[in-house]
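Where a number appears in this text, it was derived from the coordinates with a stated rule and is not lab data. Please read all numbers here as calculations on a predicted model, not as lab measurements.
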Amino acid sequence: MLWALVAAGAAVRAARAMPVDPMGRLESEFLPLAPYLPRRGEVGYLQAFENAGSDEAVRTHYAAQYALVPRIVAARIGQEYVIVARDAARPGGDSRLDGYFLLRRAPSGHSLYRRLAP
């Protein structure tokens, strides 16, 4: 019994020492939006209003793409659905989202917008 407790404690310490997968964590942040999207097709993605080409912005876009496969997450707006990554929209309102309404916000802060019906 004592040996089992020692082995369990060693396993917990080893698990805590393992490196965290930042892409896996980032991908999981987009998964709550998936049920509100069409099963296939192209979904828009609003680029950050500042530093759109930064490593973090690109990593976040890739994470959305991987998490929402088989959909294509295109780095533009105009599609029926648009994903807005956390902190990508301009504070105080973003004119790029005119004609869209907030459909869902994930606990991570990423949002899904849908185009208003004509």
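Sequentially through region 75-87, phi angles give Karplus couplings (6.51, -1.76, 1.60; θ = phi - 60°) of 7, 7, 10, x, 6, 4, 10, 9, 8, 10, 5, 3, 6 Hz, Gly and Pro residues having no value and appearing as x. Contact order, relative form, for region 21-115: 34 percent (alpha carbon pairs under 8 Å, 6 or more residues apart, mean separation divided by residue count). Scalar couplings 3J(HN,Hα) for region 94-102, obtained by applying the Karplus form with A = 6.51, B = -1.76, C = 1.60 to θ = phi - 60°, are 10, 4, 5, 9, 4, x, 10, 10, 5 Hz; x denotes Gly and Pro. Only helical runs count toward this figure. For the chain, summing -39,500 (n - 2.57) over DSSP H runs of n ≥ 4 and dividing by all residues gives -10000 deg cm²/dmol at 222 nm. With both residues required to sit in region 21-115, DSSP beta bridges show an antiparallel share near 60%. Of the labelled options (i) 37, 15, 12; (ii) 27, 16, 11; (iii) 66, 12, 10, which one gives semi-axes √(5λ) of the Cα gyration tensor in Å as computed for this structure? Among (i) 37, 15, 12; (ii) 27, 16, 11; (iii) 66, 12, 10, the one derived from this structure is (i).
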